[in-house]
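The values are calculated or read from the model by the stated rules, or taken from the named source; none is laboratory data. Bear in mind that the values here come from a model prediction, so they are computed numbers and not experimental data. Methodologically, a virtual Cβ is constructed for each residue, glycine included, from the backbone with ideal geometry; neighbour enumeration extends over all protein chains shown. The accessibility values were calculated without ligands, DNA or RNA, using every heavy atom of the protein model including side chains. Shrake-Rupley method; radii C 1.70, N 1.55, O 1.52, S 1.80 Å.
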Amino acid sequence: MLLIVIAADAAHADTGTVTRATLTNANNFYPTVEERLLARTLTLAAGESRHVRGRLQATSSTTRNVAMNNTLKCVNSAGSVVGVTSTSSRNHEGSDTTYYATPGHLPIYADLLFTAPSAGTYTCGLYAYTASSSPDSYYLTAVATDTWLEVSDTDQVGAHWWQNPTCNSTGTSSTCTYIGAGTSTAWVFYNDGTPVYKWNADANATSVQALATLELTTCYAGTASCTGVDAYEKPLGTNSVVDIRFEVIQLDTTAHTCRMNSTTTSRKTIRDDAHHYPASLSLSGIPIDPTCGTRNFLMRIFVQHISGNPIKIDGMQSTSLTNGIAMNIF
């Protein structure tokens, strides 16, 4: 594996420039072995924050459905993980020629806001992982050029990280959120058990950037991922349809909506074969309206079950699966 570091323009959610490390040679990764493909080492002051963004694109040596994870994490000089880690997950469906933009190529994006707890040197990396219930030998191959890691070059002053409550891989956590299993809608970061956080944009910020990753899992009959919603599950292959909308709301002095900023509601079909689906959401250039009387914002994601199998909204496990970031733009 070789790295090439490229200076880039500002990323879609960063103040200042970013540095991108690109995978220059294809890299195989094998079942149950997490492999760091790309990394950047940073010397940070206590409290400094960096936006870390990674894209893992892979092909598969098998036509079976196998798990594929893109994980971002930062370690200290002793090699210990520091702070939260972020993972986006989806099943790789082999040599798919129908649902992938490039036949056989599955790209997965992940984002992380890393804040140094103390002054020191930290290495932030993109880690690839795959697993399968079948004993057959296989491997995934990270694609050169299309697999990369970006890290902001300067402190993302005042940036904030959201993550939703714990929801374990089997779905038995009391804080799991399901839709299509008695309840059709949910508001992530708002009424899902996440403490509602009112983020204050910096007094010198000219606008706000926001992004989020929403990880969804289909609950088809027989899956081990959705304990407790068996009565609503349908056969494998039914798939699920959901509507998603990302909102960032500026509040007035009474803590009510003053200015609504949102994406257009988008309809997504989540295939049971893919099983997991990370939706990447973003809002750029959000204005800070002085007539609102505050610089306070709420972030939330609206999710509505339309048809098909129920959906589990994945939460914190050993890593964050559903999360959001708000950043000041100066």
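So the values come out like this:
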{"quantity": "By average C-beta atoms within 10 angstrom, highest first, the peptides 295-306, 73-84", "calculated": "295-306, 73-84"}
{"quantity": "Rounded accessible area per residue of the stretch 76-226, 1.4 Å, Å²", "calculated": "39 Å²"}
{"quantity": "Kirkwood-based Rg to Rh ratio, the stretch 168-209, C-alpha trace", "calculated": "1.18"}
{"quantity": "Cα coordinate range in the chain, projected on the principal axes (Å, largest first)", "calculated": "57, 49, 34"}
{"quantity": "Alpha-carbon Rg/Rh ratio, for the stretch 81-173, with Rh computed the Kirkwood way", "calculated": "1.01"}
{"quantity": "Among D314, D192, D14: highest mean-square fluctuation, GNM of the chain, C-alpha pairs under 10 Å", "calculated": "D192"}
{"quantity": "Over 23 Å between alpha carbons, listed pairs K198/K312; K234/K268; K73/K198", "calculated": "K198/K312; K73/K198"}
{"quantity": "Under 5 Å, built H, 5+ apart or other chain: amide partners of D153", "calculated": "T17, V18, T19"}
{"quantity": "Rg and Dmax [Cα atoms of the stretch 49-93; Å; Rg one decimal, Dmax integer]", "calculated": "13.8, 41"}
{"quantity": "Rounded to whole Å, sorted largest first: equivalent-ellipsoid semi-axes of the stretch 140-261, Cα gyration tensor", "calculated": "33, 23, 13"}
{"quantity": "For the stretch 305-320, Karplus couplings with θ = phi - 60° (6.51, -1.76, 1.60), whole Hz, Gly/Pro x", "calculated": "7, 9, 6, x, 5, x, 10, 9, 8, 5, x, 5, 10, 7, 8, 7"}
{"quantity": "Per residue convex hull volume, Cα atoms of the stretch 186-232, in Å³", "calculated": "107 Å³"}
{"quantity": "Percent carbon-and-sulfur accessible area, the chain, ignoring ligands, DNA and RNA, probe 1.4 Å", "calculated": "49 percent"}
